[in-house]
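Chemist: There's a structure below that I have some questions on.
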């Protein structure tokens, strides 16, 4: 009868355990009750339209940076330029992006956990009575 490779099983078990803990940690971070602004925070520079202003030259001579959030909904993109009193929306959008990155990481980790899980099962499986 084939013997189970205990070292391989142990290694896969440690991989699954470590990645499961990271998934748990990332999922707990998503459970806060603070609001998120669904968009990408950006800094923009603008021309003012005054005929003699330095910003007319463009490049680094434009006015700014101004905080804005790019929002894409239903195939339409719009930029929300924020006032000084609305800078908290910029932070909310940054936190939204952070949560989206965490979600992507969870997806990768889940695939890796399943792969390790399958290898662990394979290392323990006997296919005949010999």
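Chemist: Looking only at region 55-65, decide whether some residue is out of contact with any strand residue (DSSP E or B) (no Cβ under 9 Å at 6 or more places or on another chain) and within 30 Å of residue 103 (Cα to Cα).
Modeler: no
Chemist: If you scan region 38-54, which residues turn out to be in contact with a strand residue (DSSP E or B) (Cβ under 6 Å, 6 or more places away or on another chain) and either farther than 21 Å from residue 83 by Cα or touching a residue at least 24 places away in the same chain (Cβ under 8 Å) (or both)?
Modeler: 39, 40, 41, 42, 43, 44
Chemist: Just wondering, is there one or more residues in region 51-66 that are at pLDDT 90 or above and under 25 Å from the mean Cα position of the chain (by Cα)?
Modeler: yes
Chemist: Where residues in region 80-108 are more than 21 Å from the chain's Cα centre (by Cα) and without any contact (Cβ under 8 Å) to a residue 40 or more places away in the chain, which of them is nearest to residue 27 (Cα to Cα)?
Modeler: 87
The values are calculated or read from the model by the stated rules, or taken from the named source; none is laboratory data. The model shown is predicted, which means the values in this text are computed figures rather than measured ones. Cβ atoms come from the backbone with ideal geometry, glycine included; neighbour counts cover every protein chain shown.
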